[in-house]
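Trainee: Could you have a look at this structure, given as structure tokens, before my questions?
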């Protein structure tokens, strides 16, 4: 299910989740802001419950396996956005960050293919081992006894 979302800016972003799955709450932003900071709630607190979302089961399992500090133990993604001074921009930014997180989880993991070392690399390794062995045997002195 795709939802085309347009914010105040001219950018139009296509999200792969339903807007019903997202809970957005306006909160007061931290940091400097003068007299206005205690009156206006410009920051956005986004909550996205992965298990109750409209994503496919495969996307849900990939998101739940993702190790990210935004993901709680209960399977809820919590994103706080207070980068901008306006609520619509912070809302748009939080939704974009959620979409980026979903996109990152949907990248398939590359399987590792076993390879053999080249003949030249094996020879270099053996030559280095021989060289180290000779260096260590020279350290012990002529008698060959340990300390």
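Trainee: Pull out all pairs, ordered by first then second residue, where Cβ-Cβ is under 6 Å, the residues are six or more apart or on different chains, the first lies in segment 36-56 and is without any contact (Cβ under 8 Å) to a residue 12 or more places away in the chain, and the second is part of a helix (DSSP H, G or I) and surrounded by 12 or more Cβ atoms within 10 Å (Cβ to Cβ).
Mentor: Hits for this filter: zero, empty list.
Trainee: Select, from 114, 128, the only residue that is in a helix (DSSP H, G or I) and either at negative phi or in contact (Cβ under 8 Å) with a residue 12 or more places away in the chain (or both).
Mentor: From the options 114, 128, the qualifying one is 128.
Quick note: the coordinates plus some simple rules give every number you see, no bench work behind them. Computed from a prediction, not measured in an experiment: that's the story for all the values here. We place every Cβ from the backbone using ideal geometry, glycine too, and count neighbours over all the protein chains shown.
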